[in-house]
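Structure, as structure tokens:
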Amino acid sequence: MREERDPGLQPERTRLAWRRTTLACTVAAVLAAKTALAGGPSVTRVVMCAVCAALWLGFLAVAQSRIRALAAPRPAALTPRTAGAAALCTVALAVCAAALVL
Amino acid sequence: MTGFSAFSGFRRAVRLWFVPREIRAEGTTPDYRFSLANERTFLAWLRTALALIGGGFAVDQFLPDLRWGWRVGLALALLTTGVLCSLRAVNHWVRVERAMRRGEDLPVSRFPALLAVVVAVVAVAMAVVVLLGWEG
């Protein structure tokens with residue numbers, strides 16, 4: 001049986017929104033890595049760089065799992081856990097940024 | 001809205017972040033397209049937050065001639081705004097989701113106006129600092 005297609009392409013638009021957000025996170029993570037390694041390599045700075053990379057990977061994993069869930073014909077709503085995890089990665093990135101800037 | 005009701009509303013919302021079943025238990029499930037629209041709004045706010053955080057990094061990296069205080073101050077202002085923006089993104093998403101389930105009006109918020117004012121102030125400060133205080 002063919003599933004009815006949503007004429008508003010809502011799941012596709014939502015999937016692309018996740019992709020855009022991942023891209024924005026990538027830009028922030030690249031800037032974080034640049035900042036972390038700008039002052040010459042030291043243990044603290046390499047660790048900070050690794051933390052930022054891990055946060056980016058975390059966001060990527062959240063986005064990827066949600067994108068996979070959106071492939072369903074009538075995708076379930078976003079769970080607070082997924083939303084919280086995405087926001088947590090963002091906040092943690094900002095905390096790393098503050099630590100690097102100071 | 002008084003400070004107290006804002007606080008208790010905030011506490012209730014934070015509880016909902018961590019007890020997701022409470023959202024499901026309330027009201028009826030809305031049309032999935034409305035939930036997806038709410039999700040996209042959440043993501044748009046998250047992108048705004050990420051852009052602000054990126055801006056914080058950019059101030060630190062690309063204005064090296066600025067005096068330390070100004071550079072760090074502007075970067076921290078942008079980063080703080082980014083954090084607030086992403087926390088608010090989750091909070092607003094939860095509130096909208098709950099309102100849709102209960103069939104209530106969508107929550108109004110003065111956050112967009114506040115954000116606009118903060119971004120304008122930071123932009124003006126940055127322009128002034130870059131033009132006048134280049135050499136510190």
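Quick check on my filter: what residues within the range A:64-97 are more than 14 Å from the chain's Cα centre (by Cα), within 8 Å of another protein chain (Cβ to nearest Cβ), under 28 Å from B:Gly73 (Cβ atoms) and crowded, with 17+ Cβ neighbours inside 10 Å?
Hit for the range A:64-97 is A:Ala97, nothing else.
For A:Ala77, all conditions in the list (1) of a type outside the set (Phe, Trp, Tyr); (2) in contact with a Ser or Thr (Cβ under 7 Å, 6 or more places away or on another chain); (3) in a helix (DSSP H, G or I) hold save one; what is the number of the exception?
In the conditions (1) of a type outside the set (Phe, Trp, Tyr); (2) in contact with a Ser or Thr (Cβ under 7 Å, 6 or more places away or on another chain); (3) in a helix (DSSP H, G or I), A:Ala77 misses (3) alone.
Hey, can you tell me all the residues within the range B:60-99 that are among the small types (Gly, Ala, Ser) and closer than 16 Å to A:Leu88 by Cβ? Before you say what the answer is, go through the steps one by one.
Within the range B:60-99, the subset among the small types (Gly, Ala, Ser) is B:69, B:73, B:75, B:77, B:82, B:86, B:89, B:99.
Residues satisfying the conditions are B:Gly82, B:Ser86, B:Ala89.
Restricting to the range B:43-65, name every residue that is among the acidic types (Asp, Glu) and surrounded by fewer than 24 Cβ atoms within 10 Å (Cβ to Cβ).
Start the filter on the range B:43-65 by keeping residues that are among the acidic types (Asp, Glu), which leaves B:60, B:65.
Residue satisfying the conditions is B:Asp65 alone.
To keep it simple, each residue is scored yes or no on (1) at the interface with another protein chain (Cβ under 10 Å from one of its Cβ atoms); (2) β-branched (Val, Ile, Thr); (3) not in a helix (DSSP H, G or I).
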| site | (1), (2), (3) |
| --- | --- |
| B:Pro64 | yes, no, yes |
| B:Val72 | yes, yes, no |
| B:Ser109 | no, no, yes |
| B:Val122 | no, yes, no |
| B:Val129 | no, yes, no |
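It is to be established whether one or more residues within the range B:63-83 are without any contact (Cβ under 8 Å) to a residue 12 or more places away in the chain, more than 28 Å from B:Pro107 (Cβ to Cβ) and in contact with a Ser or Thr (Cβ under 8 Å, 6 or more places away or on another chain).
no
Could you please let me know if A:Ala61 is surrounded by fewer than 20 Cβ atoms within 10 Å (Cβ to Cβ), in a helix (DSSP H, G or I) and modelled with pLDDT of 95 or more? Write out each step before concluding.
Values: surrounded by fewer than 20 Cβ atoms within 10 Å (Cβ to Cβ): yes; in a helix (DSSP H, G or I): yes; modelled with pLDDT of 95 or more: yes.
Taking the combined requirement at face value, the residue satisfies it.
Check the range A:51-70 and report whether any residue there is under 29 Å from B:Phe62 (Cβ atoms) and among the basic types (Lys, Arg).
No - not one qualifying residue is present in the range A:51-70.
Do we have any residue at all in the range B:28-38 that's more than 14 Å from the chain's Cα centre (by Cα), more than 10 Å from chain A (Cβ to nearest Cβ) and under 24 Å from A:Gly84 (Cβ atoms)? Spell out how you get there, then give the answer.
To start, the set of residues in the range B:28-38 that are more than 14 Å from the chain's Cα centre (by Cα) comprises B:28-38.
Adding the requirement that they be more than 10 Å from chain A (Cβ to nearest Cβ) leaves B:28.
Within this subset, residues satisfying the condition of being under 24 Å from A:Gly84 (Cβ atoms) are B:28.
Scanning the range B:28-38 turns up at least one residue that is more than 14 Å from the chain's Cα centre (by Cα), more than 10 Å from chain A (Cβ to nearest Cβ) and under 24 Å from A:Gly84 (Cβ atoms).
If we keep just the residues of the range A:6-49 that are within 9 Å of chain B (Cβ to nearest Cβ) and not in a helix (DSSP H, G or I), which is nearest to A:Ala94 (Cα to Cα)?
Checking each candidate, the answer is A:Gly8.
The values are calculated or read from the model by the stated rules, or taken from the named source; none is laboratory data. Bear in mind that the values here come from a model prediction, so they are computed numbers and not experimental data. Glycine gets a Cβ as well: all are built from the backbone with ideal geometry, and neighbour counts include every protein chain shown.
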